[in-house]
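A.B. asks: Shown below is the structure under consideration.
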Amino acid sequence: MQDLMERGENRQLIQALSSLYPEDIAEWLSDCDPSARLEILRNLPLKIAGEILDAILPSIRAELVRELSPALLGDILEKMPPEEAAEVISEMKPRKAPEVLRELPRQESSEIRHILAYPEDSAGRIMDTDLISINAEMTVEEAVTLIKRSTIEETLYSVYATDPEGKLLGIVPLRDLLTSPRQIPLAKIMKDAIATVNPDTDQEDAARVVKKYDLSVLPVIDDTGILVGRITADDIIDIIDEESSEDIYRMAGTDEEELRVTSPFKIARIRLPWILICIVGSFLSALVISSFEMTLERVISLVAFIPMITATGGNVGLQSSSIVIRGLALGILKSSNLWKEVVKQIKVALWLGLACGIILSIIGFFWGDTNPGLLGAVVGLSMFLAVTFSTLTGVLIPLSFHQLKIDPAIASGPLITTLNDVLGIALYLTSATIMLRCFT
């Protein structure tokens, strides 16, 4: 394919690509020159182009969507499932999205707008609205005939049995449908839905339900019980990948948008607010240190231990926050057991603080030239306090964010590390000042 592209034999290239899986084409296009991938996408069949847009990296998809005309984008999105087309539309710039929607037929445009009306990261945004639902009074034979006539291309796991109004009554697994007597009504062989979700349900909660009950497909019903869509296992894989990546980005002090941006200036603008938080924290640390100049002048050796105090406090705080954030994300930590987790982390903090404090006391004892016992006691006590309070900070801040309906991942990374630096230095120098006054 690379040779065909370099020789300019575009017709043969398009023919070769059309025989491959769209996911493989998307992977190959990711390594191509931007102008070449744009030209190739323009010449591929619309259905394949749509599948490539869904499978390709978000940063490259944003680049392609930016360059393609609204008319061609409309033709491509028309061939895509509504939920996938809605995702592409949601990533467009505000001015371009309405232009593309106007290029779509009224029904497709209406379906996409309906999906986009649901909250971001909700089950409604990812559910597949093309599904087979059959009146529960129909016989197995009638149901099979209806399925054969259906134009829905999605993988069929089961059949949804509904009443005349569309309310979900039960589920008929595909195997039961194929092996049951032909004249028996679906109502006789259907099973209760193990679990359902609402379109407004957070996609992470939907993923937890699928994982909990080991489901292949999860029905989505509205407040009146009417079946409006389904979420399949492949959707759940995408959700888990997306949510995990989002937490990692936020814990690192950046954003997933960075993958879609090519401008170094815009990437720097995304990272800058978190860097400014670190600068502010460092400035506060400097103020704390400057306010204890007299203490540092009396025992200059105290300066050597400041990096140890801040680094250790920051690390244990980050460990605690990571455990809490992951526990909240997986649903392990719930409102019913949050205080139990806090108590457990307090015990962990005390043990960590005691161990680190003893180690640093020994180091301080052999470090000091004058009054080494006092230096060892000061740095040991300070390390104990810094580690204990940093652990608690790493636990309480994410839990507080969770209670306030703010993503706990925002509380990790630069925010907790910076806060613990200031707190650690303040505890260290305050305890040093008090002990020097008492024992010298």
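A.B. asks: Among (1) surrounded by 15 or more Cβ atoms within 10 Å (Cβ to Cβ); (2) among the polar types (S, T, N, Q); (3) out of contact with any helix residue (DSSP H, G or I) (no Cβ under 6 Å at 6 or more places or on another chain), which single condition is S158 missing?
C.D. replies: (3)
A.B. asks: What about I270, is it modelled with pLDDT of 75 or more and outside the structural domain of I60 (by TED's automatic domain parsing)?
C.D. replies: Details: modelled with pLDDT of 75 or more: no; outside the structural domain of I60 (by TED's automatic domain parsing): yes.
Criteria not met by I270.
A.B. asks: Still on this model: Restricting to the range 56-102, give me the number of residues that are among the aliphatic types (A, V, I, L, M) and in contact (Cβ under 8 Å) with a residue 60 or more places away in the chain.
C.D. replies: So the first thing to find is which residues in the range 56-102 are among the aliphatic types (A, V, I, L, M), and the list is 56-57, 60, 62, 64-65, 68, 71-73, 76-77, 80, 85-86, 88-89, 92, 97, 100-101.
Within this subset, residues satisfying the condition of being in contact (Cβ under 8 Å) with a residue 60 or more places away in the chain are 57, 62.
Here the count works out to 2.
A.B. asks: Does the range 361-400 hold any residues that are over 20 Å from K347 (Cα atoms), surrounded by 19 or more Cβ atoms within 10 Å (Cβ to Cβ) and of a type in the set (A, V, I, L, M, F, W, C), and which are they?
C.D. replies: Within the range 361-400, L374, L375, A377, V378, V379 qualify.
A.B. asks: Please go through the range 283-299 and pick out each residue that is within 41 Å of the chain's Cα centre (by Cα) and surrounded by 13 or more Cβ atoms within 10 Å (Cβ to Cβ).
C.D. replies: Scanning the range 283-299 gives L284, S285, V288, I289.
Yes/no per residue for (1) more than 29 Å from P105 (Cβ to Cβ); (2) of a type outside the set (A, V, I, L, M, F, W, C); (3) crowded, with 21+ Cβ neighbours inside 10 Å:
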{"position": "R7", "(1), (2), (3)": "yes, yes, no"}
{"position": "Y21", "(1), (2), (3)": "no, yes, no"}
{"position": "D31", "(1), (2), (3)": "yes, yes, no"}
{"position": "L38", "(1), (2), (3)": "no, no, no"}
{"position": "P45", "(1), (2), (3)": "no, yes, no"}
{"position": "A55", "(1), (2), (3)": "no, no, no"}
{"position": "P81", "(1), (2), (3)": "no, yes, no"}
{"position": "A86", "(1), (2), (3)": "no, no, yes"}
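A.B. asks: So, in the range 293-310, of the ones that are assigned to a helix (DSSP H, G or I) and of a type in the set (V, I, T), which residue ends up nearest to D421 (Cα to Cα)? Full working, then the answer.
C.D. replies: Going residue by residue through the range 293-310, those that are assigned to a helix (DSSP H, G or I) are 293-298, 300-310.
Now restrict to residues that are of a type in the set (V, I, T): 295, 300, 303, 306, 309-310.
Numbers: T295: 19, I300: 20, V303: 14, I306: 9, I309: 8, T310: 5 Å.
Out of the qualifying residues, it is T310.
A.B. asks: While we're looking at this one, here's another question. Any idea how many residues of the range 300-357 are of a type in the set (V, I, T) and surrounded by fewer than 21 Cβ atoms within 10 Å (Cβ to Cβ)?
C.D. replies: The qualifying residues number 9.
A.B. asks: Let me ask you something else. Go through the residues of the range 325-341 one by one and say whether even a single one is in a helix (DSSP H, G or I), of a type in the set (S, T, N, Q) and modelled with pLDDT of 80 or more.
C.D. replies: Kept after step one, since they are in a helix (DSSP H, G or I), are these residues of the range 325-341: 325-330, 335-341.
From what's left, of a type in the set (S, T, N, Q): 335-337.
Now narrow it down to the ones that are modelled with pLDDT of 80 or more: none.
Looking through the range 325-341, none of the residues is in a helix (DSSP H, G or I), of a type in the set (S, T, N, Q) and modelled with pLDDT of 80 or more.
A.B. asks: In the range 88-123, which residues are within 22 Å of A206 (Cβ to Cβ) and loosely packed, with under 13 Cβ neighbours inside 10 Å?
C.D. replies: Result: A117, E120.
A.B. asks: Quick check on T430: is it modelled with pLDDT of 85 or more and either in a helix (DSSP H, G or I) or not assigned by TED's automatic domain parsing to the domain that holds I289 (or both)?
C.D. replies: Details: modelled with pLDDT of 85 or more: yes; either in a helix (DSSP H, G or I) or not assigned by TED's automatic domain parsing to the domain that holds I289 (or both): yes.
Yes.
A.B. asks: Which ones in the range 120-138 are without any contact (Cβ under 8 Å) to a residue 60 or more places away in the chain and assigned to a strand (DSSP E or B)?
C.D. replies: If the condition is that a residue be without any contact (Cβ under 8 Å) to a residue 60 or more places away in the chain and assigned to a strand (DSSP E or B), then I134, N135 are the ones that fit.
The values are calculated or read from the model by the stated rules, or taken from the named source; none is laboratory data. Just so it is clear, the structure is predicted and the values come from calculations on it, not from any experiment. So basically every Cβ, Gly included, is an ideal-geometry build from the backbone, and we count neighbours across all protein chains shown.
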